[in-house]
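The values are calculated or read from the model by the stated rules, or taken from the named source; none is laboratory data. Everything numeric here is computed off the predicted structure, so don't read it as measured data. Neighbour counts run over all protein chains shown; Cβ positions are idealised from the backbone, glycine included. All accessible areas refer to the heavy atoms of the entire protein, side chains included, with ligands and DNA or RNA removed. Shrake-Rupley method; radii C 1.70, N 1.55, O 1.52, S 1.80 Å.
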Amino acid sequence: MDMVRIDAGGWDAVLAPQDGGGLTALRFRGQDILVPTPAGERLGGPFGAFWMIPWANRLDGGRLGAHRLPVNRVADGTAIHGLSRDRPWQVEHATPDRAVLAQSIVAGPYRYAARLEHGATGEGFALDLAVTNTGEAPLPFGAGWHPWFVRPPGTWLSFRAAMRFTHDARCLPVAAAPCTGLDGDEAAFLGLDTHFAGWDGVARMAWPGIGLTLAAEGALATNLQVYAPAERAVLCVEPSSHVPDAPNRPGPARHGPMRVLAPGEILTGRIILSAECSHLPKGGA
């Protein structure tokens, strides 16, 4: 099965099990929420959405304690976005309103089983993640979701957070300073590739004619990466379980460490997207 489609409750989603279990398209009542993936393109951006498992963002030099993960961003010497997005998932269940994908990974020090459920529910469009350490030793785990939202003129972003990080030229965290989050149009977020900690798990976006609320739970509700490149009309608002490069940066990691899972332990997280076809009030996440 090459693609899986969910079409219910006003939501139209296309999943790519063979391409990391990502979303190639997501629409609400015919309006694009994610930048649609061009035909024949692999997920990774600047379109669609993919999962970052068993770590989010970057590991400097691929270092994870005594272990070394493959450096797949050679230009900056980092292992980026985990292992799951480069490997296929199996379809366990598929109906017009719900799809369940599963994946079993053996790579480097990692042995884990992951389960993804996507569904159109009464609450909105829900994404549920569970990752189980199936190895024989405890190991740090993390996760994140990397959507490429549309960014037409008039886009507004609002969320609350406690800390905002500065970063180096490779977008690895350096230091955190208190903040209240963001609440504004492009003037507030354009050019960011910035990590926020102490996030309350809710982010709101407004575009002409539609408003979207992203509400995260569990492991995905503590940290947020925001990426808004000036050269592309996209907006990435990425729920994450930890600070980038947390295993190698004990200072920043105080604001979001990876979680050490014992054999058999499970990391879970949920994201619910709810939309309405009108502008959200500006201000107040």
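Within segment 1-47, the set of residues being open to solvent by 10 Å² or more (accessible area, probe 1.4 Å) and in contact with a helix residue (DSSP H, G or I) (Cβ under 9 Å, 6 or more places away or on another chain) comprises ASP19, LEU43, GLY44. Taking segment 180-233 and the strands (runs of 3 or more DSSP E) fully enclosed by it, the elements with 2 or more residues that are buried (at least 22 other Cβ atoms within 10 Å of the Cβ) and touching an Asp or Glu at 6+ places or on another chain (Cβ under 7 Å) are at 223-227.
For segment 99-122, check the following and say yes or no: at least one residue is over 15 Å from VAL4 (Cα atoms) and of a type in the set (Asp, Glu).
For segment 99-122, residues over 15 Å from VAL4 (Cα atoms) and of a type in the set (Asp, Glu): absent.
Within segment 96-132, the residues that satisfy the criterion of being assigned to a strand (DSSP E or B), in contact (Cβ under 8 Å) with a residue 12 or more places away in the chain and surrounded by fewer than 17 Cβ atoms within 10 Å (Cβ to Cβ) are ARG98, SER104, ALA107, ALA113. Every condition in (1) open to solvent by 20 Å² or more (accessible area, probe 1.4 Å); (2) under 22 Å from ILE33 (Cβ atoms) holds for PHE50 except the one numbered (1). Within segment 53-89, how many residues turn out to be buried (at least 21 other Cβ atoms within 10 Å of the Cβ), in a loop (DSSP other than H, G, I, E, B) and not small (Gly, Ala, Ser)? Within segment 53-89, residues that are buried (at least 21 other Cβ atoms within 10 Å of the Cβ), in a loop (DSSP other than H, G, I, E, B) and not small (Gly, Ala, Ser) number 7. Would you call GLY135 under 22 Å from HIS242 (Cβ atoms), assigned to a loop (DSSP other than H, G, I, E, B) and of a type outside the set (Val, Ile, Thr)? Against the criterion (under 22 Å from HIS242 (Cβ atoms), assigned to a loop (DSSP other than H, G, I, E, B) and of a type outside the set (Val, Ile, Thr)), GLY135 qualifies. Set side by side, the residues THR155, THR166 differ, and just one is within 21 Å of PRO252 (Cα to Cα), modelled with pLDDT of 95 or more and of a type in the set (S, T, N, Q), which is THR166.
Cβ-Cβ distances below 7 Å connect the following pairs, each with a first residue in segment 240-266 that is hydroxyl-bearing (Ser, Thr, Tyr), a second residue that is open to solvent by 50 Å² or more (accessible area, probe 1.4 Å) and assigned to a loop (DSSP other than H, G, I, E, B), and a separation of six or more residues or different chains: SER241/THR222. Residues that are assigned to a strand (DSSP E or B) and at pLDDT 95 or above are absent from segment 241-252 altogether. Tallying residues that are closer than 29 Å to THR37 by Cα and outside any strand (DSSP E or B) within segment 138-148 yields 3.
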